[in-house]
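Have a look at the structure below, then the notes.
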């Protein structure tokens, strides 16, 4: 399995990935053309993307890293590549990728590259969540060896299980649980994802 992963995530894939700013500009340019990422450019998907742009703009201004996370970043000595699978229309990606970008921005040892899920299904299918192609999904790699250190996603902490329960609840429509989902993110203010990365950075940095 590890050999297959090494073949899927190559230096060429990393080189072809986008920075966070490039990703944001790409989405803006697609919206000007009445499009989003992927092949589905329906009105519904365009509207999701427009809402996500507003979410990302808000988070770009609001995300402030905790002192615990800053300390772990300062102590990290391992050069890493964080490869994130995402799509413009994904609400969870809009809620989490700006925080990931802010974290990576604070360390010279972390290079963040974003790739689109539907253009890299071979990589996505090696990092499924309960058998599904859930995004965002971050794959952490050693920058020198390209060894996979671990992954994160698609949601912070134990929130994934909460969302599954909402989705399985016959009394909740998709609109209802989607509203609950984004309400949770608004109240959480990226605290949970930052706590996740305090633990992950300590774990990834200790691997030899």
How long are the three semi-axes of the equivalent ellipsoid for region 95-156, computed from the Cα gyration tensor as the root of 5 times each eigenvalue, in whole Å, largest first? 20, 15, 10
At residue 58 and residue 162, where each label point lies 7 Å from the Cα along Cα→Cβ, what is the point-to-point distance in nanometres? 1.6
Please give the helix 43-62 orientation as an angle from the longest Cα principal axis of the chain, in degrees from 0 to 90, rounded to the nearest 10. 50
Rounded to two decimal places and with Rh computed the Kirkwood way over Cα pairs, what is Rg over Rh for region 33-120? 1.05
Label-point gap, in nm, between residue 173 and residue 70 - each point 7 angstrom along Cα→Cβ: 4.5
On C-alpha positions alone, give me the angle between the axis of helix 174-188 and the longest principal axis of the chain, in degrees, nearest 10. 50
Output the 0 to 90 degree angle, nearest 10, between the alpha-carbon long axis of helix 191-206 and the longest principal axis computed from the alpha carbons of the chain. 30
Let me check the size of region 15-59 from its C-alpha atoms; what are the radius of gyration and Dmax in Å? 10.8, 32
For region 58-208: relative contact order, % (alpha-carbon pairs under 8 angstrom, 6 or more apart): 29
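Taken together, the values in this text are just the output of simple stated rules run on the coordinates, not laboratory data. Owing to the predicted nature of the structure, the values given are computational and were not obtained by experimental measurement. FYI the Cβ positions are ideal-geometry reconstructions off the backbone, even for glycines, and counts take in every protein chain you see.
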